[in-house]
1. Can you tell which of A47, A20 is closer than 23 Å to A110 by Cβ, surrounded by 13 or more Cβ atoms within 10 Å (Cβ to Cβ) and small (G, A, S)?
2. I'd like to check something: does segment 110-120 contain any residue that is loosely packed, with under 14 Cβ neighbours inside 10 Å, farther than 24 Å from N58 by Cβ, within 12 Å of the chain's Cα centre (by Cα) and not aromatic (F, W, Y)?
3. Among the residues of segment 96-109, what is the count of those that are crowded, with 16+ Cβ neighbours inside 10 Å, touching a helix residue (DSSP H, G or I) at 6+ places or on another chain (Cβ under 7 Å) and not charged (D, E, K, R)?
4. Looking at this structure, is K31 outside the structural domain of V126 (by TED's automatic domain parsing), in contact (Cβ under 8 Å) with a residue 12 or more places away in the chain, out of contact with any strand residue (DSSP E or B) (no Cβ under 7 Å at 6 or more places or on another chain) and loosely packed, with under 15 Cβ neighbours inside 10 Å?
5. From I45, I15, which residue is in contact with a Lys or Arg (Cβ under 9 Å, 6 or more places away or on another chain) and either of a type in the set (D, E, K, R) or outside the structural domain of A109 (by TED's automatic domain parsing) (or both)?
6. Kindly indicate the residue of segment 51-65 that is in contact (Cβ under 8 Å) with a residue 12 or more places away in the chain and of a type in the set (A, V, I, L, M) and also farthest from R111 (Cα to Cα) among those meeting that condition.
7. Pick from A98, A47: which is small (G, A, S) and either under 15 Å from G117 (Cα atoms) or touching a Cys at 6+ places or on another chain (Cβ under 6 Å) (or both)?
8. For the list (1) in the same structural domain as E121 (by TED's automatic domain parsing); (2) surrounded by 15 or more Cβ atoms within 10 Å (Cβ to Cβ); (3) of a type outside the set (A, V, I, L, M), I need the number of the one condition that R86 fails.
Amino acid sequence: MNDTNQMAAVHDIIIAQYRALRAWHDANDAKLKSVRNDTNAVAGIRATLKSLHDGFINRLSAHLTPEQVEKVKDKMTYGKVEFTYRGYLVQYPDLTDAQKQEILSLLKAAREEAMDGGSAEEKTAVFQKYKGKINNYLSRQGLHPAKNKAGAKPSTSE
């Protein structure tokens, strides 16, 4: 970006989102914990987070290209999509293009959810959940991780 006004606007949007997320988590984390076994109540509380997320993406999109929005999302999740994806490519060297696309799709879904996490630990937990989904998908495909020369599976975690 070369336009300093646009850079300032994007900066302000990102800062406002982090502040809004902190306020949301301060107001809702205890509620979520107290109703964690009531899926309807959890969904109702999480719906307010989705609107916060969608509004943020819309505000960013007004100033950035889709590629730039992707970069912001990656920065907000510490580059976990690319890091984890590369790990899967090492673990499963014979993936088809369709399987690679499914893995990437699931990792991007994880990123969308993780962006709204209140801490690095929450973001990591979201990616762990999606890695379980990916592993289940690969297992259903009849795929198992390749082993390195020492006989250990390569890691896809940070």
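The values are calculated or read from the model by the stated rules, or taken from the named source; none is laboratory data. What you see is a predicted model, and the numbers here were worked out from it, not measured in a lab. Cβ sites come from the backbone with ideal geometry, for glycine too, and all protein chains shown count toward neighbours.
1. Working: A47 fails: surrounded by 13 or more Cβ atoms within 10 Å (Cβ to Cβ).
After applying the criteria, what remains is A20.
2. Step one: of segment 110-120, the residues loosely packed, with under 14 Cβ neighbours inside 10 Å are 119-120.
Next, only the ones that are farther than 24 Å from N58 by Cβ stay: 119-120.
Next cut, within 12 Å of the chain's Cα centre (by Cα) only: 120.
Then keep just the ones that are not aromatic (F, W, Y); that gives 120.
There is at least one residue in segment 110-120 that is loosely packed, with under 14 Cβ neighbours inside 10 Å, farther than 24 Å from N58 by Cβ, within 12 Å of the chain's Cα centre (by Cα) and not aromatic (F, W, Y).
3. Total meeting the criteria: 4.
4. yes
5. Values: I15 fails: in contact with a Lys or Arg (Cβ under 9 Å, 6 or more places away or on another chain).
It is I45.
6. Here is the first cut: in segment 51-65, the ones in contact (Cβ under 8 Å) with a residue 12 or more places away in the chain are 52-53, 56-57, 59-60, 63-64.
Okay, now just the ones that are also of a type in the set (A, V, I, L, M), so 52, 57, 60, 64.
Details: L52: 15, I57: 13, L60: 16, L64: 18 Å.
Going through the qualifying residues, I end up with L64.
7. Numbers: A98 fails: either under 15 Å from G117 (Cα atoms) or touching a Cys at 6+ places or on another chain (Cβ under 6 Å) (or both).
Exactly one residue qualifies, and that residue is A47.
8. Answer for R86: the failing condition is (2).
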